[in-house]
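The block underneath contains the structure these notes are about, expressed in structure tokens.
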Amino acid sequence: MPASPDFLTAFTISFEAIGRLFLVALVGFIAVRRNLVSQQGVDGLVRLMIDLIVPCALSVSMIKGFRLEILSEAWPLILVPAIFLPASAMLSLLYFRLWPGDNPQADRALSALSAIPNSFYIPLPLAIAVTPPEHHVLVGVLIGAAVLAVNPLQWTMGTFMVMGDSARKVATVATSLRQALNGPVIGVVGGVLLSFLPGFPEAARAEAGSFMPLRMLLRAMELAGSAMPPLAMILTGALIAKCELRRAISVRRVLPVLAMRFLITPGLVLLAIRGGLLPVSGLPAFILMLVAASPPAMNLALAAKRYDGDWSIISGVQLVASLVALAALPIWMSIGLLL
């Protein structure tokens, strides 16, 4: 990643990358608003993304770039989210306990939004947008490390928190574990395991003399995975278009989400890095800041809708958070680029 000479240059790079990608998100927003894509179509694209496109992108990155020595740089991307997600959820629940409302179910769901960031929809396209091509494999490996921490908690703790009361009563540990073992997690773990098998890294890097059928398969997976950045932003726009804003306009509801996602969590991560508690710098530090400052995971709204949660409040707050991210993310990305 090229060194940024000052904050203004870093901010310009970050703002341009975010602006470009959110303009791509307008495609999905317009497609849904104009009824060019149905709700079933959006749901199908989400499943395609989670079950195939993202696993292809992450697994090939892992096969090509994972080495045991990378763990010395990647471990904070696993450890830090694994700590700040439950801690953020508990702090948000405390906020709603001290400032109670008439809808405990919605308060619990908003605590999930406060705690759980986007793990790949936004961080991976943004990281690719501001890094040169020779660093994209390492970007995939580092984002994959964050996915290992965020996704299992999102699909267990997060899903349980956004469920309606009736769905919570019948939820089981087995169901939660099945959700935690989703496509992105399987892609990361599978890619790491395959990176140790002779022939796989060579085929993934298309080296001369590598096994041609395997090379064809992995290059095809890489090509499918290359659809991830634009498709992720199109889906982000499509999901935002389904948000309902009118029930979310409440300081009590949006304050903890905005404060936790764009101020408290990234601020504490920055202090830990600056204070030497987290020995990271360069690209790992940038990606850690990007994950820490990302808006709430969009799939939480889908989980709420599926499990009879308060979809309208959750989606409305997510829309507000996505709009605030347009201003907040360039600042935190700029800081991350200078670490």
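No lab work stands behind these numbers, since they all come straight from the coordinates. What you see is a predicted model; the values in this text were computed from it and never measured. Note: ideal-geometry Cβ built from the backbone for every residue, glycine included; neighbour counts use all protein chains shown.
A few remarks follow.
- Part-to-part distance (alpha-carbon centres) for segment 259-284 and segment 201-218, which is given in Å: 39
- Applying 1/(1 + (r/R0)^6) with r as the Cβ-Cβ distance of S250 and L214 and R0 = 41 angstrom yields a FRET efficiency of 0.15.
- Footprinting exposure proxy for C243, C56 (fewest neighbouring C-beta atoms within 10 Å first): C243, C56
- Kirkwood estimate for segment 8-337, i.e. one over the average of 1/r between Cα atoms, Å: 20.0
- Theoretical FRET efficiency, 1/(1+(r/R0)^6), r = Cβ-Cβ of R20 and L52, R0 25 Å, to 0.05: 0.50
- Acute angle (nearest 10 degrees) that the helix 183-194 long axis makes with the longest principal axis of the chain, alpha-carbon atoms: 30
- Shape box of segment 17-91 [Cα atoms, principal axes, largest first, Å]: 48, 39, 26
- With contacts taken as Cα pairs under 8 Å and at least 6 residues apart, segment 8-337 reaches a relative contact order of 33 percent.
- Cβ charges +1 (Lys, Arg) and -1 (Asp, Glu), total dipole of segment 1-151, debye: 320
- Neighbour counting of Cβ atoms within 10 Å sorts the residues W75, W99, W155, fewest neighbours leading, into W99, W75, W155.
- Nearest-ten-degree value, helix 104-115 long axis tilted from longest Cα axis of the chain: 30
- Gain upon complete extension [D43, S166; 0.36 nm per residue less C-alpha separation]: 42.0 nm
- Calculated [222 nm] ellipticity per residue, helices only, for the chain: -22500 deg cm²/dmol; basis is -39500 (n - 2.57) per DSSP H run with n ≥ 4, divided by all residues, nearest 500.
- Using alpha-carbon coordinates, inclination of helix 39-48 to the longest axis of the chain, degrees: 40
- Relative counts (whole %) of C-alpha pair distances in segment 282-335, using bins that are 10 Å wide: 24, 39, 26, 10, 0
- Length gained on full extension, S226 to F7: 75.8 nm, using 0.36 nm per residue less the C-alpha separation.
- One way to sum up the overall shape of segment 1-158 is the equivalent ellipsoid from its Cα gyration tensor, whose semi-axes run 28, 23, 19 Å, largest first.
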